[in-house]
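Since every read-out is calculated from the coordinates, none of them should be taken as a lab result. Values in this document were obtained by computation on a predicted structure and should not be read as measured data. Cβ placement follows ideal geometry from the backbone for every residue including glycine, while neighbour counts extend to all protein chains displayed.
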Amino acid sequence: MGEVIESGTLDGIASTTVKKLHKAGLVTLESIAVTPPREIVALTGMGAETAIKVNRLARFKVDPGFVSASELLEIRKHMMRCSTGSKELNRIMGGGIETGAITELIGEFGSGKTQICYTLSVLAQRPAEEGGFGGRVCVIDTEGTFLPERVVQIAESLGYDSNEILQNILVARAYNSEHQIVLIKNLPQICQEHDVKLVIVDSMIGHFRGEYIGRASLAERQQKLAGCLGNLLRVSEAFNLSVVLTNQVQSKPDVSYGDPNKPTGGHVMAHACTHRVFLRKGRANTRLVRVIDSPYLPEEKIRVAITEAGIVDAEE
Ligand SMILES: Nc1ncnc2c1ncn2[C@@H]1O[C@H](COP(=O)(O)OP(=O)(O)OP(=O)(O)O)[C@@H](O)[C@H]1O
Ligand SMILES: [Mg+2]
């Protein structure tokens, strides 16, 4: 995944420095570019000035700053989409979840956020011809709700080898927000080593909401959250992978018009996420889905169903 650096890849960087980077697992330009200098120092033991230089050179090589709109279009051609399991949902999402972006699944408990994550963690492994990313999946589970048994059920219902599917899902349980931050910081290395194409964080906000209580700590919470989301967005762009986050809704009983259920995480969350998908319980196993605030997709409401095979189109 990505260009492996050798001595000479980065102008003016000594081969001993390159060796230190290799030893720390920072072997590609992308992984160096997305690792902040402070961390490069911590990982390699090199001086701060060298780390800053290495990071800047790598970033420049990966992303030379301004690009023309036609180049941008060229870059976006490498963007891939993965099926959600429902054709209707794919349609309102412009073809499925995309790489180089963060997709946020928002909804109350039982609305199907984790069910979409399960379905995606199976489908993302399918080759591109079959509507997948043809890569591995990395799940950061903050609530301990990611059950391999459900993955097996979906994989087998769809006729796939469940052992192989399970092998290619890397799951990390985040025990608190600090742990979650560390796991997210380590993503560049994991994504590079394991050819990860889908990163799931279920849920993004849970720990933050539980740990930072009251107005006084709100600013600190939002700052940490913003840092985390920034890292996720950089990873999605640098490795051309898709990031999917889940988020709950906060009931605002004082709202007398409009939707009383607001996503948590405030503006920080709203700005960082490229696509926001709103889920609501419908009759029986159906769920109502809406894409909100999309930069280019019209808002439309559709229905999906949760079945043994994961998310599928709802029958009319
Ligand atoms: N095998 C299955 N077949 C059909 N429906 C299922 C199956 N497994 C779970 N469900 C349904 O999925 C729903 C739970 O959805 P999910 O776990 O995705 O909620 P969530 O949005 O993640 O909620 P939370 O905020 O509590 O994490 C339940 O209503 C359950 O009936
Ligand atoms: Mg859930």
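Rounded to the nearest 20 debye, the dipole size of the stretch 15-62 about its Cα centre is 100 debye, using +1 on the Cβ of Lys and Arg and -1 on the Cβ of Asp and Glu. Taking other C-beta atoms within 10 angstrom as a stand-in for reagent exposure, Y118, Y212, Y175 fall in the order Y175, Y212, Y118, fewest first. Of the Cα atoms belonging to the stretch 15-62, the radius of gyration and Dmax stand at 9.0, 24 Å.
Kirkwood hydrodynamic radius computed over the stretch 9-167 comes to 18.7 Å, based on all pairs of distinct alpha carbons.
For the pair N176 and L218 in one chain, pulling the backbone fully straight at 0.36 nm per residue adds 13.4 nm over the alpha carbon distance. Within the same chain, lysines fewer than 8 places from K20 are excluded, and of the rest, those with a Cα less than 30 Å from its Cα are K53, K61, K185, K197, K224. Shape analysis of the stretch 92-229 yields a ratio of the Cα radius of gyration to the Kirkwood radius, Rg/Rh, of 0.98. Three principal axis extents describe the C-alpha atoms of the stretch 151-214; from largest down they are 49, 26, 15 Å.
Computed on the Cα atoms alone, the convex hull of the chain gives a volume of 153 cubic angstrom per residue. Here K281 is the anchor, and the lysines within straight C-alpha reach of less than 22 Å, apart from those fewer than 8 places off in the same chain, are K87, K113, K252, K262, K301. The alpha carbons of the stretch 192-237 give a radius of gyration and a Dmax of 13.2, 41 Å, in that order. Please go through the stretch 106-162 and write out the GluC sites (Glu not before Pro) that DSSP classes as loop and that have at most 11 other C-beta atoms within 10 Å. Here no loop site has a sparse enough neighbourhood. Note on E299 and R76: the model spin-label points, each 7 Å out from Cα along the C-beta direction, lie 2.2 nm apart. Here the Kirkwood formula puts the hydrodynamic radius of the stretch 178-316 at 17.0 Å, using every distinct Cα pair.
Put a plus charge on the Cβ of each Lys and Arg, a minus charge on the Cβ of each Asp and Glu, and nothing anywhere else: the dipole of the chain about its Cα centre is then about 760 debye.
Restricting to DSSP loop positions (anything but H, G, I, E, B) with no more than 11 other Cβ atoms inside 10 Å of their own Cβ, which GluC sites (Glu not before Pro) remain in the stretch 1-62?
Here the GluC sites (Glu not before Pro) that fit, given the DSSP loop and packing criteria, are E6.
Summing +1 for each Lys or Arg and -1 for each Asp or Glu among the other residues whose beta-carbon sits under 13 angstrom from that of T286 gives +2. Computed from the C-beta positions of L166 and E143 and an R0 of 22 Å, the FRET efficiency is 0.65 to the nearest 0.05. Work out the charge dipole of the stretch 214-309 with +1 on the Cβ of Lys and Arg and -1 on the Cβ of Asp and Glu about the Cα centre, then indicate which of L233, T286, H275 is farthest towards its positive end. Among L233, T286, H275, the one farthest towards the positive end of the dipole of the stretch 214-309 is T286.
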